[in-house]
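Visitor: Mind having a look at this structure? Questions to follow.
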Amino acid sequence: MSAINYSEKIPNNVDLGGDRTLQRALEQWQPNFINWWDDMGPEGTTDNEVYLRTAVSVDPQGWAQFGHVKMRDYRWGIFLNHGEADRTIHFGDHKGEKAWQDVPGEHRANLRRIIVTQGDTEPASVEQQRHLGKTAPSMYDLRNLFQINVEEGRHLWAMVYLLHKHFGRDGREEAEALLERRSGQEDNPRILQAFNEETPDWLSFFMFTYFTDRDGKFQLCALAESSFDPLARTTKFMLTEEAHHMFVGESGISRIIQRTCAKMNELKSDDVGLLRAAGVIDLPTLQRYLNFHFSVTIDLFGADESSNAATFYSTGIKGRYEETKRDDDHVLRGQTYKVLNVVNCQLQEKEVPMLNALNEVLRDDFIKDSVGGVERWNRVIDKAGLPHRLSVPHKAFHRNIGALSGAKVSPDGRVLSEQEWSAKVGDWLPTAEDRAFVQSLMGRVVEPGKFANWIAPPAIGINRQPVDFEYVRFN
Ligand SMILES: [Fe+2]
Ligand SMILES: [Fe+2]
């Protein structure tokens, strides 16, 4: 099965028509999803026709088709990557056994929890971003926001399919609950805290898509190793969509930096007041937003020592990032890993069983990957001939989960007293004034080819279209 069947109500490449009960159940969930989209999707966009890509096959070449569509008519569907015949489990205690095509009873609760937690982040981010269209810096950026929003909706479909197909009545109930929780709502919030925060402005949006969608990438990569084959196959296809989300973040920040540096050169100054008066985002403010989003995102990997993480790995539910490229025994018993904690006002490494430290292993892989993009941002500053640099903060900075939770640590890794922290925190994390300033720049610019003053145009358009292409028709 590889071609996507678009003649059915729910496009799919899983022969949905061959399982009438499942098909009916999902067709009943579909209008509830559309209701959720109407209520919580991008605000005031019902009549907009957006130049979106839609998957037409899961093959690496040419899976996308571009065209103007109304978002609520987007063909959300179920697309799994090709299966490997006779795939075997390649890590954990079941290594060498056949991969599971259905959920083994003993792993049911854990798998369900993982799928629900992943699934919950998808609609959550759409909810977080629903007001951003009103302040888009360009039609090009508006289109990218909407592309991400519809694809997060599709990621929800990916998880809901697994819940419906493999988890019976519990799964159907979880699928309903995924449409009922609301980002930031007190009595029924989304599961993970970072997905209950607001995304109030486009600087936050680009930081979110750079850092937090990258958390998505690492979680999906770990699940793409899963012994539960349908989960592995569906997350592999989700990853191809995720790549664009991170591109939007990386290039968005890059274009902001480009614009700021041009202004710095024009004014021959790095004075924050002057730059703000000129309507661009100063680099220290960018750094504070970076510090915030980086630290909130690395918390998403969970506690540095976790018996759940060990169980997920040993039982074969969740692997490591690029599991197959690692040359160890893929069982990890008796091996150790270093985690950080604070002892006598100093950061200290502690050797712990690696199986228990797998959240930390994934977090460290994420950190390595995110540093790469920050280096590329620095090249933009470098190219402008300026000496300034951005950097990711120390991983102990501003943490709220695990052994480092609540420790007062500076971005360069010094343990501080409460007083030192309070005196300096305004240099390190966005202040109310920073947020108000960034907010003051957010005005809607949506004429084709026009860009807000604080961001440079992209080098090229989407799908080789010109930058001034009519990416959104407002009707
Ligand atoms: Fe997603
Ligand atoms: Fe994403």
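Visitor: Give a residue-ordered list of calculated ³J(HN,Hα) values for the stretch 432-438 (Karplus: 6.51 cos²θ - 1.76 cosθ + 1.60, θ = phi - 60°; whole Hz; x for Gly, Pro).
Guide: With coefficients 6.51, -1.76 and 1.60, one gets 4, 5, 4, 5, 5, 4, 4 Hz.
Visitor: Let me ask another. Relative to the present Cα-Cα distance, how much length would full extension add between residue 24 and residue 93 at 0.36 nm per residue of separation? Write down the numbers at each step before the final one.
Guide: Numbers: separation 69, 0.36 × 69 = 24.84 nm, distance 3.74 nm.
Using 0.36 nm per residue and subtracting the Cα-Cα distance, I get 21.1 nm.
Visitor: Additional query: Given a 1.4 angstrom probe, what's the average accessible area per residue across the stretch 202-263, in square angstrom?
Guide: Working: 990 Å² over 62 residues.
Value for the stretch 202-263: 16 Å² per residue.
Visitor: Still on this structure, I have one more. Work through the residues other than residue 340 whose Cβ is under 10 Å from its Cβ and net out their charges, Lys, Arg +1 and Asp, Glu -1. Please report the intermediate quantities before stating the final value.
Guide: Numbers: positive: 338, 350, 395, 399; negative: 304, 349, 360.
My count for the surroundings of residue 340 gives +1.
Visitor: Considering only protein heavy atoms, what per residue accessible area in square angstrom results for the stretch 281-340 with a 1.4 angstrom probe?
Guide: Details: 2090 Å² over 60 residues.
Per-residue value: 35 Å².
Visitor: Counting only C-alpha contacts under 8 Å and six or more residues apart, can you give the relative contact order of the stretch 148-251 as a whole percent? Show your work: numbers first, answer last.
Guide: Working: 86 pairs, mean separation 24.6, N = 104.
It comes to 24 percent, rounded to a whole number.
Visitor: Divide by every residue of the chain the summed helix terms, -39500 (n - 2.57) for each DSSP H run of at least 4, and state the resulting mean residue ellipticity at 222 nm, rounded to the nearest 500 deg cm²/dmol. Intermediate values should be presented prior to the final figure.
Guide: Details: 13 runs with 217 residues, N = 475.
Computed mean residue ellipticity for the chain: -15500 deg cm²/dmol.
Visitor: Could I ask something else about it? Taking Cα atoms of the chain, Rg/Rh with Kirkwood Rh, to two decimals? Kindly include the intermediate steps, with their values, before the conclusion.
Guide: Numbers: Rg = 22.7 Å, Rh = 23.5 Å.
Rg/Rh: 0.97.
Visitor: Residue 269 to residue 431: extension gain in nm, 0.36 nm per residue of separation minus the Cα-Cα distance? Please report the intermediate quantities before stating the final value.
Guide: Values: separation 162, 0.36 × 162 = 58.32 nm, distance 2.25 nm.
Stretched fully, the residue 269-residue 431 segment lengthens by 56.1 nm.
Visitor: To continue, here is another question. Per-residue HN-Hα couplings for the stretch 45-51, Karplus 6.51 cos²θ - 1.76 cosθ + 1.60 at θ = phi - 60°, whole Hz, x for Gly and Pro?
Guide: So the J values, rounded to whole Hz, are 10, 3, 8, 5, 10, 10, 6.
Visitor: Going Cα to Cα from residue 450, which aspartates and glutamates come in below 16 Å? Please leave out same-chain ones fewer than 8 positions away.
Guide: Within the straight-line limit of under 16 Å, residue 450 reaches these aspartates and glutamates: 141, 468, 470.
Visitor: Per 0.36 nm of contour for each residue apart, how much would the distance between residue 170 and residue 376 grow if the chain were fully extended, relative to their Cα-Cα spacing? Could you put the intermediate results ahead of the total?
Guide: Values: separation 206, 0.36 × 206 = 74.16 nm, distance 4.53 nm.
Result: 69.6 nm gained on full extension.
Visitor: Given R₀ = 51 Å, FRET efficiency for residue 405-residue 444 by Cβ-Cβ distance, to 0.05? Write down the numbers at each step before the final one.
Guide: Values: r = 39 Å, r/R0 = 0.77.
Step by step, r from the Cβ atoms, then E = 0.85.
Visitor: Would you work out which of 283, 425, 125 lies farthest towards the positive end of the dipole of the chain, given +1 charges on the beta-carbon of Lys and Arg and -1 on that of Asp and Glu, about the Cα centre?
Guide: 283
Visitor: Hey, how many Å between the Cα centroid of the stretch 305-351 and the Cα centroid of the stretch 60-98?
Guide: 28
Visitor: Principal axis lengths of the stretch 179-338 from Cα atoms, whole Å, largest first?
Guide: For the stretch 179-338, the Cα spread along each principal axis is 59, 43, 31 Å.
Visitor: Ordered by packing density, taken as the mean number of other Cβ atoms within 10 Å over each peptide's residues, highest first, how do 210-220, 299-309, 178-188 rank? Kindly include the intermediate steps, with their values, before the conclusion.
Guide: Values: 210-220: 23.0, 299-309: 20.0, 178-188: 14.4.
Taking the mean over residues of other Cβ atoms within 10 Å, the ranking is 210-220, 299-309, 178-188.
Visitor: Here is a further query. State, to one decimal in nm, how far the label point of residue 384 lies from the label point of residue 325, with both points 7 Å from Cα in the Cβ direction.
Guide: So the two model labels end up 3.2 nm from each other.
Visitor: Given the pairs 134/263; 9/236; 263/383; 217/350; 368/395; 95/325, which are separated by over 18 angstrom at their Cα positions? List each step's numbers first, then the result.
Guide: Working: 134/263 26 Å; 9/236 24 Å; 263/383 14 Å; 217/350 28 Å; 368/395 11 Å; 95/325 15 Å.
As for pairs spanning more than 18 Å Cα to Cα, those are 134/263; 9/236; 217/350.
Visitor: Additional query: Only Cα pairs under 8 Å and at least 6 apart count here; give the relative contact order of the stretch 220-358 as a rounded whole percent. Numbers along the way, then the final one.
Guide: On the way: 134 pairs, mean separation 35.9, N = 139.
For the stretch 220-358, the relative contact order is 26 percent.
Visitor: In whole Å, what are the Cα extents of the stretch 1-128 along the three principal axes, biggest one first?
Guide: 52, 31, 28
Visitor: To continue, here is another question. Hey, what does the equivalent ellipsoid look like for the stretch 407-465, semi-axes from the Cα gyration tensor as sqrt of 5 times each eigenvalue, largest first, whole Å? Write down the numbers at each step before the final one.
Guide: On the way: eigenvalues 301, 51, 9 Å².
Values for the stretch 407-465, descending: 39, 16, 7 Å.
Visitor: Would you mind getting the accessible area per residue of the stretch 56-186, heavy atoms of the protein chains only, 1.4 Å probe, in Å²?
Guide: On the way: 4970 Å² over 131 residues.
Heavy-atom accessible area per residue stands at 38 Å².
Visitor: Using a 1.4 Å probe on the protein heavy atoms, what percent of the accessible area of the chain belongs to carbon and sulfur? Numbers along the way, then the final one.
Guide: On the way: 9200 of 19490 Å².
C and S atoms contribute 47 percent here.
Visitor: Now, a different point. How would you rank 241-252, 81-92, 281-292, 136-147, highest first, on the average number of other Cβ atoms within 10 Å across their residues? Intermediate results must be reported in sequence, preceding the final value.
Guide: Values: 241-252: 19.8, 81-92: 15.3, 281-292: 22.0, 136-147: 24.5.
With the highest mean Cβ count within 10 Å placed first, the list reads 136-147, 281-292, 241-252, 81-92.
Visitor: Here's something else I'd like to know. Before anything else, pin down the relative contact order of the stretch 1-138: Cα pairs under 8 Å, at least 6 apart, normalised by residue count, whole percent. Write out the running numbers ahead of the final one.
Guide: Numbers: 133 pairs, mean separation 34.1, N = 138.
Computed value for the stretch 1-138: 25 percent relative contact order.
The values are calculated or read from the model by the stated rules, or taken from the named source; none is laboratory data. Note that the structure is predicted; figures quoted are calculated from it, not measured. Cβ: placed from backbone, ideal geometry, glycine included. Neighbour counts: every protein chain shown. When the accessible area is computed, the model is the full protein with side chains, heavy atoms only, and any ligands, DNA or RNA have been set aside. Shrake-Rupley method; radii C 1.70, N 1.55, O 1.52, S 1.80 Å.
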